[in-house]
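Below is one structure, written out as structure tokens; comments come after it.
The values are calculated or read from the model by the stated rules, or taken from the named source; none is laboratory data. Here the structure is a predicted model, which means the values were calculated and not measured. Positions of Cβ are generated from backbone atoms using ideal geometry, with glycine treated the same way; all protein chains shown enter the neighbour counts. To get the accessible areas, we keep the full protein, side chains included, count just its heavy atoms, and leave off ligands, DNA and RNA. Shrake-Rupley method; radii C 1.70, N 1.55, O 1.52, S 1.80 Å.
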Amino acid sequence: MNGRPPAQRNLRTIAFMLVVLVLGLILVQQFWTGIERGPLALSYSNFLERVRAGEVDRVTIRGSRIAGELITGEEFESEGPPEGSPLWAELTNKLEEQGVAVAFEPAGEGAWLLSALMWLLPVGVIVALWVFMMRRMQQGGGAMSFGQSRAKLASKEFTKVSFKDVAGINEVIDEIREIVEYLREPNQFVRLGAQIPKGVLLVGPPGTGKTLIARAIAGEASVPFFSITGSDFVEMFVGVGAARVRDMFQKAKASAPCIVFIDEIDAVGRKRGAGLGGGHDEREQTLNQLLGEMDGFEHNAGVIVLAATNRPDVLDQALLRPGRFDRKIVVPRPDLHGREAILKIHASNKKLSPDVDLARLARRTPGFVGADIENLCNEAALLAARARKEYIEAVDFEEALDRVLTGLRRRGLFITEREKQHIAFHEAGHALLGWMLPNTDPVHKISIVPRGDGVLGFTLQLPEEDRYIMSQDELVDRLTALLGGRVAEEMVFSTRTTGAQDDLKQATQLAKRMVVEYGMSDGVGPVSLSGERTNVFLGEELVRSDEHSEELSATVDREVRSLLDQSYARAKDILARHRAGLERLAEELIRRETIDGRELDELLKDFSPEPST
């Protein structure tokens, strides 16, 4: 469970505020008591003289206490004779003779008790609240409970997620299901001498479903499931992280068999010696404690540690060895069939129009992870709801896909006709080369509608199937298509614009990787020149330029430039031979602003694609 539930934390805050409030009220009361002027105190003889002089307007007698008001309006107090004494009778006669209004009230025997309670009650409240807070802090294991673990105990009712809610990664589910089966029926494994992994590390890009898998395990397992985030261990106070690790494993041992899930473990499990704090760094102390708890001198029987990260490269090697994380499970991006299965799950609670084809939509979302697909379905639902539709239509998914890939449509952006022509011919150059070249992805959509941050137009090319390797011909064709926009503008307007900035950046990066990583350059040869250097703070992989000689670096630059020049000349040659198709496509873009793949095929049906090289 969390070190202190929210209700208890709120109660502590309220108690502290009440203490401050009561102290403030006492101070205010003392202040006003000190500055306010009380009633005029008169001796009994002085009081009688004022009665004889007719200066008393009215009096109130409570036992032997006399209070009243002078004719001047000033209030006074005096101590009279005991009730029933001769002086008492003399006093009452004098008051009657002078016509003073007299009121008798019973003597308040409990008045002094009430006054005492008014002073003692605030003090008692302060003492009670202070005792309560001190006891709560002692139960928390330290000042303000800093050393107590913040792990939460999840249950089936809490998560409401099972393995059937996880799609697209069936191999991963099969691996994870083994752990759940071991916890349910351990004898099936023990009789053969098998031991369940002590730790399982889920590795994968963001959004692939690592945390969702953990939630499904919590919903499927019949044992306690503790969950915590790596950043919850580390605080500004030295030793707090290690104390929380100890407390968490103590609770886990008491609940064994159980599962402990640490999300984003790279926040606490980074390589030691990577910062400026050295071995005494608070994060490293926390990591050392975690290493000892997972596989140290004491044995943690029945405690399985499940962790997730998208940066396994920055984790300490001692954390990854067998005995701690015995099994590393990669959670990949879903393939075509996986994306379709994920779409079915997210579309199960939505009203879809019959024209929505989830299989076709899965083909149009290569590289999408589960989180991207969920966001896509939600955007389509929001668009349909905004248009007051009864069902989510295919056009809603198309617009949602454009939003996810290129950003929101900017309707208020004013573009001149000349700028619109430049943008149209730029995108027409990309689209025509994408349609002509044999090894490029099919053109799905062309648009000159401004979107997002600085996107004035786009040409969307989507693969028909998942691809995991690319040939040199495919990369060269992609490089040629990237330069088509700049080439088309130069051919038509005899000038260059800033619109090709992102294209040139992508083309340069692709050409450089072909030379230094993929070995696709005759001048450099089949070698990889991309060395790695790990940043001590962020764990980033950087390409080192100081590992090569100046001659080799110059050769790399020449080869990169040669690839770009050849692709540029090729793009220029193709567009020059098909100038009529370029102008037809650009004019149609200016008139309609958006053209899809089928319409592009109709516009270019009189032209023939380039042959394969």
Task: Charge dipole magnitude, Cβ of K and R +1, D and E -1 - the stretch 395-449, Cα centre, debye nearest 20 - done: 220
TODO: Scan the stretch 404-460 for GluC sites (Glu not before Pro) in coil per DSSP, keeping those whose Cβ has at most 11 other Cβ atoms within 10 Å, and list them by number.
DONE: none
- [ ] Beyond 25 Å between alpha-carbons counts as too far, so tell me which of K253/K328; K164/K210; K445/K505; K512/K572; K164/K445; K160/K344 fall in that bin.
- [x] K164/K445
- [ ] Note down the net charge around P322, summing +1 for each Lys or Arg and -1 for each Asp or Glu among other residues with Cβ under 14 Å from its Cβ.
- [x] +3
Open item on the list: Using a 7 Å offset from the Cα along the Cα-to-Cβ direction at both Y468 and D165, what is the distance between the two label points in nm, to one decimal?
Closed with: 3.0
Open item on the list: Quick check: pseudo-label points 7 Å beyond the Cα along Cα→Cβ at E390 and L192, how many nm apart are they?
Closed with: 5.6
TODO: Arrange the peptides 392-401, 94-103 so that the one whose residues have, on average, the most other Cβ atoms within 10 Å appears first.
DONE: 392-401, 94-103
Open item on the list: Less than 14 Å apart at the alpha-carbon level, and either on another chain or at least 8 residues along: which aspartates and glutamates does that give for K94?
Closed with: E49, E55, D57
TODO: State the answer as a single residue: which of L600, Q566, S549 lies farthest towards the positive end of the charge dipole of the stretch 544-613, with beta carbon charges of +1 for Lys and Arg and -1 for Asp and Glu, about the Cα centre.
DONE: L600
TODO: With a Förster radius of 51 Å, plug the Cβ-Cβ distance of N310 and D606 into 1/(1 + (r/R0)^6) and report the FRET value to the nearest 0.05.
DONE: 0.55
TODO: Just name one of A400, I415, F425: the one whose Cα is farthest towards the positive end of the charge dipole of the stretch 395-434 (beta-carbon charges, Lys/Arg +1, Asp/Glu -1).
DONE: I415
Task: Net dipole in debye of the stretch 159-245 [+1 Lys, Arg Cβ; -1 Asp, Glu Cβ; about Cα centre; nearest 20] - done: 140
Task: Segment S45-M491, extension gain: residue separation times 0.36 nm, minus the distance between their alpha carbons - done: 148.6 nm
Task: Label-point separation in nm, S553 to E587, each point 7 Å along Cα→Cβ - done: 5.2
TODO: Quickly rank 208-216, 579-587 as a protection proxy: mean count of other C-beta atoms within 10 Å, highest first.
DONE: 208-216, 579-587
TODO: Using amide H atoms built 1.01 Å from N in the peptide plane, name the residues 5+ places from Q461, or on other chains, whose amide H lies under 5 Å from its own.
DONE: H444
Task: Magnitude of the charge dipole, the stretch 282-364, Cβ model with Lys/Arg +1 and Asp/Glu -1, debye to 20 - done: 740
- [ ] Ignoring everything but the protein chains, give the 1.4 Å probe accessible area of K445 in square angstrom, nearest 10.
- [x] 20
